[in-house]
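Working notes for the structure below.
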Amino acid sequence: MIALETSLLDGLGDVETRAEKFTGVQVDSRRIAPGDLFVAVGCGSEFVDDALMRGAAATLEPHDAFAALAVVGRAVRERSSARVVGITGSMGKTSTKDILAALTAPSARTIAAEASYNNEIGVPLTLCRLEEDTEVCILELAMRGFGQIAALAKIARPHIGVVTNIGPVHLELVDSIDGVAQAKGELIAALPTGGTAIVPEDFPVTRDDVEVVRVGVPEATRVDGRTVVAGVSFNFTAQHQVQNASTALAVLAALGLPRPESVNVDFARWRGEEQELPGGGLLINDAYNANPVSMRAALAYLAERAGERRRVAILGDMAELGRTGPEYHREVGAAASELGVDELLAVGELARGYLEGGVPGRWVANVHDALRQVDDLVRPGDAVLVKASRAVGLEAVAAALTHIRATT
């Protein structure tokens, strides 16, 4: 990280310093390296001594953890000459970030957000990884309501703003898809004059002082188990990644960086991971998150990958849909039926709605009950999709299925 003076921390909370500067920031004491600043978030005050023992240059027990991290992240950003890309959208933020990082890394020194580091903690932590020679910084900006992307963009000050798409996500707080577009549009509003907005074809942009690049529906081909988009070969086959790749390629062009012929993307975990199961079966572990659009895409991918295998879907609640939640769950259940799902295990109270869509299946209240169903539900040779909103914790079911594979 670009070095910062520990005096920057004055007034932010209780500070203990062992050096005049710090060269990294962590909120997990186990990740502390010599020279880092440890910021005690939540119950982090219990681990201050551990951070110091691991070589922390300073520790901060902040009055307001989010505000303190914003101050530090903003200070690093102000001292960096890197071009900053901010990515938001209802779906595909993390995958687009992963694809873009793979595209830029061969030609530019790149920092990209880890996993889904996309909130009041994750965005400053990513900025705090900037080095003197960093050329491209790729951030993911998430929201739960109005004003949150604007606050993150004020810290990050992106040159390029990307909206991957707009869909029925976080409706509980923004009420409608128009509200989603308004909240995501805060990123475009935050761009500097002369910045670049990369958006879907129908996304409204009223500014005339930024360059607007609209990403349409791309064409793709499959060659030897890879997907070719705009002449670039990628190591994925899922159709929903094609749009993400096209968006990432548009950002690459905006950055003025060369386009590689072939790219292998290291996607964040639990996003469409595929593993073999006993008897020629297949597990698609997409347990990180879910919304109505991504659920349909994942079910379509299950149908495509299953071939002649029995199709099993283990689907949990889709969260934060507000008053529209029950209807969206019924619609996903109907899509599962249309796509030939042979059996569906619905996990969670809202997930009951899947079974109202006409798909054969059963219901359980939570992930613990779902784990008890795995042995009876999944047969050798099945193709299995596991997907839900993050809070449901269905990665435990995917892990159980993987364990079955390992012990069979």
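Taking all protein chains as present, what is the carbon and sulfur share of the accessible area of the stretch 45-108, in % to the nearest whole number, probe 1.4 Å?
So the carbon and sulfur contribution to the accessible surface is 49 percent.
With label points built 7 Å along Cα→Cβ from the Cα atoms of Lys154 and Asn366, find their separation and express it in nm.
Rounded to a tenth, the inter-label distance reads 3.9 nm.
Using a cut-off of under 19 Å, list every residue of the stretch 233-251 whose amide N is near the label point 7 Å from the Cα of Ser262 along the Cα-to-beta-carbon line.
What the label zone holds, given the 19 Å backbone N cut-off, is 233-238.
Counting heavy atoms of the protein chains only and a 1.4 Å probe, report the per residue accessible area for the chain as a whole number of Å².
Heavy-atom accessible area per residue stands at 42 Å².
Please report the carbon-and-sulfur percent of the accessible area for the stretch 330-408; probe 1.4 Å, protein heavy atoms only, DNA, RNA and ligands left out.
Answer for the stretch 330-408 is 50 percent, counting heavy atoms of protein chains only.
With charges only on Cβ, +1 for K and R and -1 for D and E, what is the dipole size of the stretch 249-329 about its Cα centre, in debye, rounded to 20?
Here the size comes out at about 140 debye.
Sum -39500 (n - 2.57) across every DSSP H segment of at least 4 residues in the chain, then divide by the residue count to get the 222 nm mean residue ellipticity, nearest 500.
Taken over the chain, the calculation gives -10000 deg cm²/dmol.
Starting with the highest mean, order 116-123, 314-321 by the number of other Cβ atoms within 10 Å, averaged over the residues of each peptide.
My ranking of the peptides, most packed first, is 314-321, 116-123.
Would you grab the residues whose amide H sits under 5 Å from the one on Ala112? Only those 5+ places off in sequence or on another chain, please, with H modelled 1.01 Å from N.
Here Ile138 satisfy the definition.
So how much slack lies between Val212 and Asp64, counting 0.36 nm per residue of separation and subtracting their Cα-Cα distance, in nm?
Stretched out fully, the Val212 to Asp64 stretch lengthens by 49.6 nm.
With r as the distance between the Cβ atoms of Thr193 and Glu172 and R0 = 35 Å, compute the FRET efficiency 1/(1 + (r/R0)^6) and round to 0.05.
Efficiency at R0 = 35 Å is approximately 0.50.
Mind pulling the angle between the C-alpha long axis of helix 325-338 and the longest principal axis of the chain? Nearest 10 degrees, somewhere in 0 to 90.
50 degrees
To make sure I understand the rule: partners must be lysines, Cα under 20 Å from the Cα of Lys97, and not fewer than 8 residues away in the same chain. Which ones qualify?
Lys154, Lys184
For the chain, modelled as a GNM with alpha-carbon contacts under 10 angstrom, which of Leu394, Leu371, Leu69 fluctuates the most?
Leu371
Does the stretch 1-109 come out rounded, prolate or oblate, given a ≥ b ≥ c as the square roots of the eigenvalues of its C-alpha gyration tensor, rounded meaning a/c under 1.5 and, failing that, prolate meaning a/b above b/c?
prolate
Under 10 Å from the Cβ of Ser81, count the other residues' Cβ atoms, weight Lys and Arg +1, Asp and Glu -1, and hand me the total.
Taking every other residue near Ser81 into account, the sum is -1.
How high is the relative contact order of the stretch 220-328? Use alpha-carbon pairs under 8 Å, at least six apart in sequence, and give a whole percent.
Rounded, it is 16 percent for the stretch 220-328.
Taking the Cα centre of the stretch 254-408 as the origin, how large is its charge dipole in debye, to the nearest 20, when only Lys and Arg (+1) and Asp and Glu (-1) carry charge on their Cβ atoms?
Roughly 80 debye, rounded to the nearest 20.
Could you tell me the center-to-center distance, by alpha carbons, between the stretch 1-71 and the stretch 306-335 in angstrom?
Here the answer is 43 Å between Cα centres.
Relative contact order for the stretch 317-408: what percent, with Cα pairs under 8 Å and sequence separation of 6 or more?
Contact order relative to length: 25 percent.
Give a residue-ordered list of calculated ³J(HN,Hα) values for the stretch 70-84 (Karplus: 6.51 cos²θ - 1.76 cosθ + 1.60, θ = phi - 60°; whole Hz; x for Gly, Pro).
4, 4, 5, x, 5, 5, 5, 4, 5, 9, 9, 9, 5, 7, 9
Just need the relative contact order of the stretch 257-316 here, percent rounded to a whole number, with Cα pairs under 8 Å and 6+ apart.
With pairs under 8 Å counted, the relative contact order is 22 percent.
Using alpha carbons only, how many degrees (0 to 90, rounded to 10) separate the axis of helix 240-255 from the longest principal axis of the chain?
The helix 240-255 is inclined about 20 degrees to the chain.
For the ranges 354-361, 95-102, 247-254, what's the packing order if you count other beta-carbon atoms within 10 Å of each residue, average per peptide, and put the highest first?
Per-residue mean Cβ counts within 10 Å order the peptides as 95-102, 247-254, 354-361.
What whole-number distance in Å separates the alpha-carbon centres of the stretch 366-380 and the stretch 121-182?
Using only Cα atoms, the two centres lie 37 Å from each other.
The values are calculated or read from the model by the stated rules, or taken from the named source; none is laboratory data. In this text, all values refer to a predicted model and were calculated from it rather than measured experimentally. For neighbour counting, all protein chains shown are included, and Cβ atoms are generated from backbone atoms with ideal geometry for every residue, glycine included. Just so you know, the surface numbers come from the protein's heavy atoms only, side chains and all, with ligands and any DNA or RNA stripped out. Shrake-Rupley method; radii C 1.70, N 1.55, O 1.52, S 1.80 Å.
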